[in-house]
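Visitor: One structure coming up, written as structure tokens, with questions to follow.
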Amino acid sequence: MDRNTLKNSVSIVLDDYKSILPIKDMDKSFQNGLPFIALLTKISNGTIEFVDKGDPILNYSYIKESCESFDIPFVLIEACIVGKPDALCNSIQ
């Protein structure tokens, strides 16, 4: 799946969040990790709360803990959402 197709798929899944989380690409749109938190909220049917911890590093930790609690393989590294996000890295997760 190419990145544009993936971006469009993520946008569709996160349609409920489009006013606060417009997904324009697979790098800058993921800068603070909130799209990952929204995806986890969707797949957990709300068990994982959609919350912005106010800091990308804290959001990363929340994403990691949430994935582990649902036995979701976790390959994301902190650098993928902190600083200069990486589209390939975000696409893999």
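Visitor: Checking the structure you have, find out if any residue of the range 24-32 is open to solvent by less than 90 Å² (accessible area, probe 1.4 Å), at pLDDT below 95, farther than 16 Å from residue 78 by Cβ and not small (Gly, Ala, Ser).
Guide: Looking through the range 24-32, at least one residue is open to solvent by less than 90 Å² (accessible area, probe 1.4 Å), at pLDDT below 95, farther than 16 Å from residue 78 by Cβ and not small (Gly, Ala, Ser).
Visitor: Next question, about the same structure. Looking for whichever is assigned to a loop (DSSP other than H, G, I, E, B), at pLDDT 90 or above and open to solvent by 90 Å² or more (accessible area, probe 1.4 Å) here; the options are 52, 71. Which one fits?
Guide: 71
Visitor: Among the residues of the range 9-16, is there at least one that is assigned to a loop (DSSP other than H, G, I, E, B) and either under 13 Å from the mean Cα position of the chain (by Cα) or surrounded by 20 or more Cβ atoms within 10 Å (Cβ to Cβ) (or both)?
Guide: Scanning the range 9-16, I find at least one residue that is assigned to a loop (DSSP other than H, G, I, E, B) and either under 13 Å from the mean Cα position of the chain (by Cα) or surrounded by 20 or more Cβ atoms within 10 Å (Cβ to Cβ) (or both), so the answer is yes.
The values are calculated or read from the model by the stated rules, or taken from the named source; none is laboratory data. Keep in mind the model is a prediction, meaning the values are calculated, not measured. Using ideal geometry, Cβ is built from the backbone for each residue, glycine included, and neighbour counts are taken over all protein chains shown. When the accessible area is computed, the model is the full protein with side chains, heavy atoms only, and any ligands, DNA or RNA have been set aside. Shrake-Rupley method; radii C 1.70, N 1.55, O 1.52, S 1.80 Å.
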